[in-house]
1. Restricting the search to region 162-212, which residues are among the small types (G, A, S), modelled with pLDDT under 95 and either touching a Leu at 6+ places or on another chain (Cβ under 9 Å) or within 14 Å of I266 (Cβ to Cβ) (or both)?
2. Check region 345-353 and report whether any residue there is part of a helix (DSSP H, G or I), charged (D, E, K, R) and at pLDDT below 70.
3. Of everything in region 114-134, what is farther than 18 Å from C60 by Cβ, surrounded by 14 or more Cβ atoms within 10 Å (Cβ to Cβ) and not polar (S, T, N, Q)? Give them in sequence order.
4. Restricting attention to region 288-318, which residues are part of a helix (DSSP H, G or I) and among the basic types (K, R)?
5. Considering every residue within region 79-89, establish whether at least one is at pLDDT 85 or above, in contact with a strand residue (DSSP E or B) (Cβ under 9 Å, 6 or more places away or on another chain), loosely packed, with under 11 Cβ neighbours inside 10 Å and not small (G, A, S).
6. Select, from V120, V186, V194, V173, the only residue that is in contact with a His (Cβ under 9 Å, 6 or more places away or on another chain), within 30 Å of K299 (Cα to Cα) and not basic (K, R).
7. Please enumerate the residues belonging to region 97-129 that are assigned to a helix (DSSP H, G or I) and modelled with pLDDT of 95 or more.
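The values are calculated or read from the model by the stated rules, or taken from the named source; none is laboratory data. Quick caveat: nothing in here was measured; it's all calculated off a predicted structure. With ideal geometry, Cβ positions are generated from the backbone for all residues, glycine too; neighbour counts draw on all protein chains shown.
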Amino acid sequence: MDPQFGTAVPPSSNGVQASPTVASSSTANANQSRPTEVQLEFADQYAELAARLLAGYTSCEFADFQLQFNHADGQQSHYSLHALVVSRAPLLLQLLRGLMSSQPRPPMPILPLSSPDTAVTAGALSLLLAALYSPDVLTHVDSINAPDFLATAVYFGLTRFADLAYQFCEESVRKAKTADEIAGWVAYIDRDGVTPQHQQASGSNGDSRASTPLQGMMNGGLPMPGSPASPAAARGGNLNGVAGGGGGPPPASYEGRLLAVLLDRILRLPSETGAFVSSSPTTTTAGPAAQAQLVEVLKPLPFDIFKRVIEDSRFEVPSDMDRFNFAKKVVAARKQHHLSTATSSPPGTPRSNTSGGGLAEFEEAVVMQFGSAGSSAVTVLRKPRKPTLWKVSNAM
């Protein structure tokens with residue numbers, strides 16, 4: 001049996017069968033790293049059992065309840081499931097205890113669930129439920145479906161599944177180069193309906209927009225790479241409510257960790273692409289073309305990410321004047337981009353939902369600040385746009 005979800009206790013010497021107990025986290029970790037001789041001896045039978053369980057899932061044999069899931073896009077999924085198997089998911093365990101204890105119980109109880117998270121898709125849900133029956137299904141998780149699988153695993157409180165998907169997501173973010181790739185990850189991180197950490201495995205579907213990573217950045221709460229609360233420091237957490245260590249703040253959400261990785265990725269682009277490397281008569285560089293690509297990457301980003309990138313010293317630019325001129329170029333491109341986006345948006349679309357966070361109501365500006373001893377720094381500001389005033393004349 002998987003140590004994370006429980007350990008069966010053998011019969012006592014007096015012939016009385018003891019009740020199964022849940023293994024402690026320390027015991028579970030020890031058993032997980034050192035398979036027993038019995039486990040190794042009967043490994044083929046464990047594999048056969050997993051295959052039989054998966055066959056029961058796909059054929060709906062001996063199912064004892066139905067899951068009815070309403071997705072954010074309006075699609076509805078139906079599954080005939082086995083409570084003993086899928087109760088490995090903390091959320092389902094909590095809800096099934098109440099469902100199965102209700103009286104009178106119908107022959108096939110129905111468990112309704114819904115999620116406002118747009119990444120909890122029907123495909124990811126089917127894959128996750130099948131993985132509860134057989135670990136072999138996890139080989140189908142890849143870089144393409146990992147984001148949706150991550151969101152679905154977090155919703156059901158399955159930390160180990162979420163950790164597996166997060167590894168694929170982080171690897172993809174670290175390889176992102178194009179404007180479309182980076183914009184896609186920004187959209188995923190700041191999507192609607194993300195399951196807040198304090199609501200995971202509780203079944204609550206409350207509004208989560210106030211706790212998104214980009215909101216945290218606006219409030220100055222986003223950890224940067226290398227800080228104590230960065231992704232590397234957060235990996236010891238457990239989303240099932242089990243502490244990953246001593247006291248201190250709760251671990252960052254998976255979206256928050258991905259945002260920190262994404263920021264680090266964007267900050268490395270100038271040095272990797274040679275965007276600001278000066279050319280000489282004997283050498284040719286990709287400077288102008290690489291700078292144009294950087295502009296394409298930065299122009300659709302939300303203002304808070306754009307500001308953080310431009311003002312960070314790890315965004316390698318030869319001088320403050322070069323940084324100032326480049327930032328002005330990006331601001332001009334962002335203005336044109338957001339105006340065209342607002343024009344092409346369907347009627348009734350809130351301006352705040354357009355790329356960049358409602359630039360129609362704001363003006364962005366770049367400022368060079370000079371300090372003592374000749375020091376300087378580049379700052380990006382945003383202020384409300386002044387309304388257009390019209391003068392009324394009484395002249396006939």
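1. Those that are among the small types (G, A, S), modelled with pLDDT under 95 and either touching a Leu at 6+ places or on another chain (Cβ under 9 Å) or within 14 Å of I266 (Cβ to Cβ) (or both): A201, S202, G203.
2. Taking every residue of region 345-353 in turn, at least one turns out to be part of a helix (DSSP H, G or I), charged (D, E, K, R) and at pLDDT below 70.
3. Once the filter is applied, which keeps residues that are farther than 18 Å from C60 by Cβ, surrounded by 14 or more Cβ atoms within 10 Å (Cβ to Cβ) and not polar (S, T, N, Q), region 114-134 yields P116, D117, A119, V120, A124.
4. Selection gives K307, R308.
5. There is no residue in region 79-89 that is at pLDDT 85 or above, in contact with a strand residue (DSSP E or B) (Cβ under 9 Å, 6 or more places away or on another chain), loosely packed, with under 11 Cβ neighbours inside 10 Å and not small (G, A, S).
6. The unique qualifying residue is V120.
7. Correct list: A122, G123, A124, L125, S126, L127, L128, L129.
Let's see how each residue does on (1) in contact with a helix residue (DSSP H, G or I) (Cβ under 8 Å, 6 or more places away or on another chain); (2) farther than 30 Å from D190 by Cβ:
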| site | (1), (2) |
| --- | --- |
| S77 | yes, no |
| S101 | no, yes |
| P116 | no, no |
| G123 | yes, no |
